[in-house]
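Below is one structure, written out as C-alpha cells; the observations come after it.
The values are calculated or read from the model by the stated rules, or taken from the named source; none is laboratory data. Being a predicted model, the structure only gives us computed values, none of them experimental. Note that each Cβ is placed from the backbone with ideal geometry, even for glycine, and that neighbours are counted across all protein chains shown.
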Amino acid sequence: MAPRNPFSTKGLERVPGPKAITAQAEFTRLYAPYPPTSPRRSSSQGTFETPRTPVLPPLAVPGTSFSHSVSTSSEVPAPAVVEDKDEEIPDASLPDSDPGSEPESEPSIVEEPYPRFPPPEPEPEPSDSDDSDSDDDMPKPIERKICTPPDFSGNRDETTKFVRLITLYLDVNSEIYDTDTRKIAFALSFMKEGTAAAWMEDTIAHAHLTNPATNRPNGYGTWNEFLDHFEEAFNPIDSAGTALHKLHALKQGNDLSEYISTFKQLCNRAEIYSFNAQKDYFIRGLKPALLSKLCNSGDIPDEMEAMYKKVISIENAYQLLLSHRTSTSDSRN
C-alpha cells in the first residue's frame, strides 16, 4: 500500500454549513437578479443586455490545511453588448435543426376573428302546431255592439227597418261576421216571435236537409239570396198602395221633424217622385197656422228640400215668438 501524501487535500473536502449556504444565496440574489437566458433592452432601446451570473469563488472551509482567497471586490463584470439585428432569437424549446438541411416552411395560420356576438339560433321550421299556437296568440277582434237590432216578429211595416239595422251592425263588425253563414245566423237569431220564428225554423231545416243530387246539405246560400227570400216573405203585399193610403191620412203633430221624416219614407214606398205631387201631399198635412204663414211669406220654393227648410225656419220663428210672449207675461205678473 502506497504511503499517503501529507500535502494531498483528497478526502479533506467538507460540506459547507448553513451559514455558508445562506451567504452564497444572498450573494446570488444581489448580483444575479435575472436568469442568464433572459435578454433585456437598455435605456437606449437599441441594444440587448444579457446579464450574467457572476461566478462565485470557492469558499474557505475553516479547520482545513488549505484556504482560498475570496475576492472582496464588489465590481461586477460588465454585461456583454449584443447588437440589435433583425435576427430571430432561437427558441430553446425547439430542437436544433440540421445546419445542412433547408429550413422548413412554417404553415400559415389564419387567425379567425373572435365574434363579438354569438351567432343567431336557427329558426324552427313551421308546423301545423305552430300555426295553431300563433293563431291563439293573435288578438281577437272585439264586437262593437252599436245599434243592436230589435227582435223581428214578422210585422211587414218593420221589414225595411229591420234589414237596414242588420246591415249596419254587420258593416261595423265585418271582422267577426266575415262569412255568409255567420251573417245569416246573426239575422236569424233575432227572429224569435210571431211568423218570423216559424220562417226561421223552416230556413234552418232547409239548410240542413240533404240534397239528393249532391248528397250534401243544402246550406244557407249567400247573404244576398237570404235577403231576397226574407223580403219576399215579409215585405208588404201592396207596399205602394199601403204607403199611398197612409200618405193621404198623414198629418203634422207636435214634432215637425218627425212629420217630414215620415213623409219622405211614405213617398219612397209609394214611388211618388214628382215635385207637384209631393208638394200637394206635404202642404195638405201641415197645420193650418203653419200653412197660412207659408203662403203669406210670398216665396214658395220649387224643390222639396228647400220646402222643408222653409217650413222649419217658419216654425222655429213662431216657437221663438211664443216663448218671448210667455216670458213677458210672467214678468208682468
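Quick notes on this structure:
- Checking F230, F275 one by one, the residue that is within 30 Å of W199 (Cα to Cα), at pLDDT 85 or above and surrounded by 10 or more Cβ atoms within 10 Å (Cβ to Cβ) is F230 and no other.
- For the stretch 163-195, the set of residues classified as aliphatic (A, V, I, L, M) and touching a helix residue (DSSP H, G or I) at 6+ places or on another chain (Cβ under 7 Å) consists of V163, I166, L170, I184, A187, L188, M191, listed by residue number.
- Those helices (runs of 4 or more DSSP H) of the stretch 246-305 in which at least 1 residues are acidic (D, E), considering only elements entirely within it, cover 256-269, 275-285.
Here is a yes/no grid of residues against (1) modelled with pLDDT under 90; (2) in a loop (DSSP other than H, G, I, E, B); (3) small (G, A, S):
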residue	(1), (2), (3)
I146	yes, yes, no
D171	no, no, no
Y177	no, yes, no
A207	no, no, yes
Y220	no, yes, no
N224	no, no, no
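- Scanning the stretch 233-249 for residues that are over 24 Å from D280 (Cβ atoms), aliphatic (A, V, I, L, M) and surrounded by 12 or more Cβ atoms within 10 Å (Cβ to Cβ) returns a single hit, A233.
- Scanning the stretch 293-313 for residues that are modelled with pLDDT of 90 or more and within 22 Å of G253 (Cβ to Cβ) yields M304, E305, M307, Y308, K309, K310, V311, I312, S313.
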